Amino acid sequence: MKFIKQYWPVLPLFLLAVILVLIRTFSQKNFRYDAVKWAEPSAIGSNILTEDQIATLSGEILLISLGNEAAIDRQFQGNTMNINPESILEKTNLMRIRKNNGPVILYSGDNSVSARVWMVLSEMGMKNIYILKKNPA
Amino acid sequence: MAPLSSYFAFPEWLNMLTAFLIGIGFGFALEQAGFSSSRKLAGMFYGYDTTVIKVFFTAAIVALIGSQFLSYFGLLNLNQVYVNEFYVTASIVGGVIMGAGFIMGGFCPGTGLCAMSIGKIDAMAFVAGGFAGAFLFTETYPLIEGMANARYKGPVKINESLGLSPGLFTLIMVAAAVAMFWIAELAEKKFARPEITNDLK
Amino acid sequence: MIIRKEFSVLLLLLSLILALLPLTANRSFTAKPDKLLSDVLNEDASFTVDQVAEFIIREDNTVQLIDLRLPEEFRKQAIPGAVNIPYPEFVTKDPEIWLGNKNVRNIFYSAGDIESDYALVYARGLGYDNSYVMAGGVTEWIRTVMETKFTGDRITARENALFETRRRAGEMFTELNNLPDSLKMKFLESKKFSAKKLDGGCE
Amino acid sequence: MNPYLAGILLGIVLLTAMVVSGRGLGASGGYKYCVVSIVGAVDPPHVENSEYYSKYFENGKKPLTNWLTLEIFGVVAGGLISGAVSGRLKLKVEKSPKISVTRRLIFAFLGGVLFVYGGQLARGCTSGAALSGMAVLSLAGFVTMIAIFGSAYVFAWIFRKNWI
């Protein structure tokens with residue numbers, strides 16, 4: 001009590017800093033601190049899966065097909081979703097991705113779209129997101 | 001976003017204008033701190049007035065903490081802020097020469113200008129000496145070039161060379177400064193020279 | 001009135017927060033996520049290989065091609081006018097060195113797609129809106145510019161111009177890549193970026 | 001002004017310089033740019049023949065329109081404003097009563113010569129190297145700061161009579 005009495009002018013400033021830092025660190029709607037760190041899987045290539053590698057993953061797999069093509073393999077065991085890439089940041093879609101307890105795999109007819117979406121999601125602090133690489137036709 | 005000058009590609013005139021305005025702030029802060037008085041500055045070395053230590057470390061720490069928070073909030077790109085290059089020999093030898101200059105002249109180049117502007121005649125002599133020193137340096141540079149460029153280490157950061165995170169090093173530095181503020185206030189009592197300090201008020 | 005003890009406590013508390021943060025000098029994305037997403041999914045962010053071929057034969061200096069492949073691949077087959085920044089290096093350094101000039105359009109390409117797309121999002125996220133990709137990368141370049149032969153006999157003026165562009169860009173590409181190794185290295189090295197020196201200190 | 005408050009003010013100015021211009025403050029560099037431009041105006045051939053001078057004029061650069069030069073002009077203006085606000089504008093020689101005015105002025109001049117010379121050697125003085133360097137955690141800043149204050153404490157014994 002005596003401490004608070006003496007140092008009351010200090011506390012609001014300290015609390016303000018703490019709150020701002022917490023918002024910055026845990027914000028779900030914004031990009032996270034340190035772009036280099038979140039891009040790292042792309043630099044070492046650990047975010048790319050081939051079709052055979054999917055079988056080796058553990059946990060609840062969510063496969064997201066970006067775009068309208070129903071190009072999902074029928075034999076795939078797990079949850080699938082079809083999301084238009086422009087609307088992946090809508091609240092319901094983001095919730096679904098964040099809540100998924102396991103790897104989330106992005107798939108698009110064109111590797112380009114999944115790569116761009118991957119970078120956006122990853123920089124927002126989502127881990128465990130992969131790109132399913134389309135085998136060359 | 002920041003540094004603004006590189007983000008918005010400031011034209012030359014705007015760069016010069018901001019330099020002038022920042023200079024005004026710099027001069028104002030120095031003068032308000034009481035650095036326009038050589039006896040106050042010299043007081044630090046005899047213990048009767050430790051304003052210099054307090055202002056100097058407070059300023060460095062405020063800028064350090066502020067810049068790190070701004071960087072964390074994504075408002076300031078610290079990679080684009082200049083970090084002084086480390087020439088080991090030149091830093092030490094230059095620092096010792098400056099130490100001698102400090103105690104003889106009673107000002108440093110920034111405070112000297114400030115004191116000159118409010119009419120201190122000794123500061124005018126100091127600034128004139130400063131110009132002479134700069135002239136001497138440019139003329140003798142070829143002779144000391146080897147020493148000036150010896151043992152170049154690049155723009156090293158102290159926390160990196162100690163293997164600490166910038167935040168942790170900041171905490172250590174603040175703890176040291178806090179201890180120093182405390183010692184400084186004790187020293188002011190112990191080495192008090194009322195006949196000088198009363199004169200300065 | 002600021003008193004030593006209170007001020008000391010404030011500084012200590014604030015620096016304690018800093019000590020707990022994983023501070024690096026690295027930057028964070030500054031764009032807003034939904035704006036960035038719609039920007040990078042927009043067609044305007046991509047150039048086709050034919051558009052790039054045009055830039056090359058016009059020697060357009062408002063365009064900078066950036067090759068994100070490994071140095072060995074770049075040495076073997078480079079598109080004229082490109083500079084090499086291997087992708088892993090691109091995402092671990094401050095891109096200001098490479099992208100700082102806002103007067104040029106930076107066009108990324110890689111072997112196929114993927115890396116160039118990462119780089120596009122990464123660069124735009126950090127605020128370099130002058131970043132684009134060459135869709136399809138080197139694979140597409142070779143398939144379209146180098147290997148498409150005109151067949152048939154009816155040809156419109158537009159098709160003709162397109163094939164002429166491809167032919168000339170293809171020639172420049174072959175010429176560069178057939179140079180003896182030492183000469184080619186010299187040419188490629190001459191286009192390297194040197195780190196921008198920051199202004200500061202008292203020198 | 002309360003020293004901590006003045007320190008916060010100075011820290012905010014330094015932070016502003018970092019945010020606006022991406023650099024710290026400086027002073028001794030400004031002296032040099034002034035000198036270089038004077039020498040350039042008085043004795044152009046000398047400048048052309050000297051490797052050190054000529055680099056300040058290459059590509060049509062003018063040392064007078066330099067960030068540091070403008071900043072030290074600002075320092076003079078800022079000091080004047082502050083002195084006027086606080087009613088401290090007065091022509092006088094500040095010294096210990098034990099020494100003569102001439103002695104004080106000679107020492108001030110010599111101090112100025114040494115300070116700027118050392119400052120240019122170390123590539124920054126108390127503001128350019130020590131203060132700004134410490135604010136960006138530069139090792140050079142810490143070393144220079146320790147060298148300046150450490151040696152000044154030693155020399156303080158020699159020049160004791162000048163001050164107390």
Sites B:Ser161 and B:Tyr141 - FRET efficiency at Förster radius 22 Å, r taken between beta-carbons, to 0.05: 0.15
Local electrostatic count at A:Leu62 - Lys and Arg +1, Asp and Glu -1, tallied over other residues with Cβ under 13 Å: +2
5 angstrom amide H check on C:Gln64, placed H, neighbours 5+ away: C:Arg105, C:Asn106, C:Ile107
Amide H contacts of A:Asn79 (H built 1.01 Å from N, under 5 Å, at least 5 apart or other chain): A:Ile61, A:Leu63
For the range D:78-141: rounded, prolate or oblate by the Cα gyration tensor [a/c cutoff 1.5]: oblate
Buried accessible area, chains C and B (both chains, 1.4 Å probe, Å² to nearest 100): 2700
Amide N proximity, the range B:153-188 versus D:Tyr153 label position 7 Å along Cα-to-Cβ, cut-off under 12 Å: B:180, B:184
Number of partner chain Cβ atoms within 10 Å, mean per residue of D:29-39: 6
Sparse-neighbourhood loop sites, GluC sites (Glu not before Pro) in the range C:25-124 - DSSP loop, at most 11 other Cβ within 10 angstrom: C:Glu59
Among C:Val83, C:Gly170, C:Tyr109 - extreme Cα towards positive end, dipole of chain C, charges at beta-carbon: C:Val83
Accessible carbon and sulfur surface of the range B:1-101 relative to its total accessible area, %, 1.4 Å: 74
Centre separation in Å (Cα based) which lies between the range C:90-118 and the range B:24-66: 45
Between C and A, accessible area buried - total, square angstrom, nearest 100, 1.4 angstrom probe: 3400
Accessible surface, per residue, of the range C:33-195 when the full set of protein chains is kept, probe 1.4 Å, Å²: 50
C:Asp44 accessible area, 1.4 Å probe, all protein chains in place, Å² to nearest 10: 110
Using alpha-carbon coordinates, inclination of helix C:115-125 to the longest axis of chain C, degrees: 40
Value of relative contact order over the range C:33-195, rounded to a whole percent, pairs C-alpha under 8 Å and six or more apart: 29
Computed over the range A:91-137: relative contact order in percent, which uses C-alpha pairs under 8 Å that are six or more apart: 44
Pairs of Lys in the range C:33-195 closer than 19 Å at Cα, counting only those 8 or more apart or on different chains: 10
Per residue value of the accessible surface for chain D (all protein chains in place, 1.4 Å probe), Å²: 38
Among beta bridges that DSSP assigns inside the protein assembly as shown, antiparallel share in %, nearest 5: 10
Estimated dipole of the range A:35-132 in Debye, rounded to 20 [Cβ of Lys and Arg +1, of Asp and Glu -1, Cα centre]: 380
Coil-residue trypsin sites (Lys or Arg not before Pro) of the range C:111-150, DSSP, other Cβ within 10 Å capped at 16: C:Lys149
Aspartates and glutamates with Cα under 19 Å of B:Lys40, excluding same-chain neighbours fewer than 8 positions away: B:Glu31, B:Asp49, B:Asp122, B:Glu185, B:Glu188, B:Glu195, B:Asp199, D:Glu94
Solvent-accessible area buried by D and B, counting both chains, probe 1.4 angstrom, square angstrom: 10400
Rough spin-label spacing in nm, given labels placed 7 Å along Cα→Cβ, for B:Glu195 and A:Leu11: 4.9
Lys, Arg +1 and Asp, Glu -1 on Cβ, resulting dipole of the range C:33-195 about Cα centre, debye, nearest 20: 400
Axial C-alpha extent at least 15 Å, average Kyte-Doolittle at least -1.0 - helices from chain B (DSSP): B:12-32, B:51-72, B:88-105, B:121-148, B:166-190
Anchor D:Lys61: lysines whose Cα lies under 20 Å away (excluding residues fewer than 8 positions away in-chain): C:Lys196, C:Lys197, D:Lys32
Cα-based shape type of chain A, given that a ≥ b ≥ c are square roots of the gyration tensor eigenvalues and the cut on a/c is 1.5: prolate
Per-pair calculated FRET efficiency, R0 = 41 Å: B:Trp13 and D:His46 via Cβ, rounded to 0.05: 0.85
Apportionment of accessible area to carbon and sulfur, chain D, percent (1.4 Å): 69
Solvent exposure ordering (accessible area, 1.4 Å, most first) of C:Lys5, C:Lys184: C:Lys5, C:Lys184
Dipole axis of the protein assembly as shown (+1 Lys, Arg; -1 Asp, Glu on Cβ), positive-most option in C:Ser131, D:Phe109, A:Met126: D:Phe109
In the range C:17-88, trypsin sites (Lys or Arg not before Pro) in a DSSP loop with at most 16 other beta-carbon atoms within 10 Å: C:Arg58
Surface share of carbon and sulfur [accessible, 1.4 angstrom probe, percent] for the range C:33-195: 50
Estimated 222 nm signal from helices in chain C, with DSSP H stretches of n ≥ 4 weighted -39500 (n - 2.57), rounded to 500: -14000 deg cm²/dmol
All lysines inside 23 Å of A:Lys99 as judged from Cα atoms, apart from same-chain residues fewer than 8 positions distant: A:Lys29, A:Lys37, A:Lys91, A:Lys127, C:Lys32
Accessible area (Å², 1.4 Å probe, nearest 10) - D:Cys34: 10
Residue-normalised accessible area of chain B, given per residue in Å² at a 1.4 Å probe: 35
Area accessible to solvent at D:Leu80, 1.4 Å probe radius, in Å²: 80
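The values are calculated or read from the model by the stated rules, or taken from the named source; none is laboratory data. All values derive from a computational prediction rather than experimental measurement. Note that we place each Cβ from the backbone using ideal geometry, even for glycine, and neighbour counts take in every protein chain shown. Surface accessibility is based on the protein's heavy atoms, side chains included, excluding ligands, DNA and RNA. Shrake-Rupley method; radii C 1.70, N 1.55, O 1.52, S 1.80 Å.
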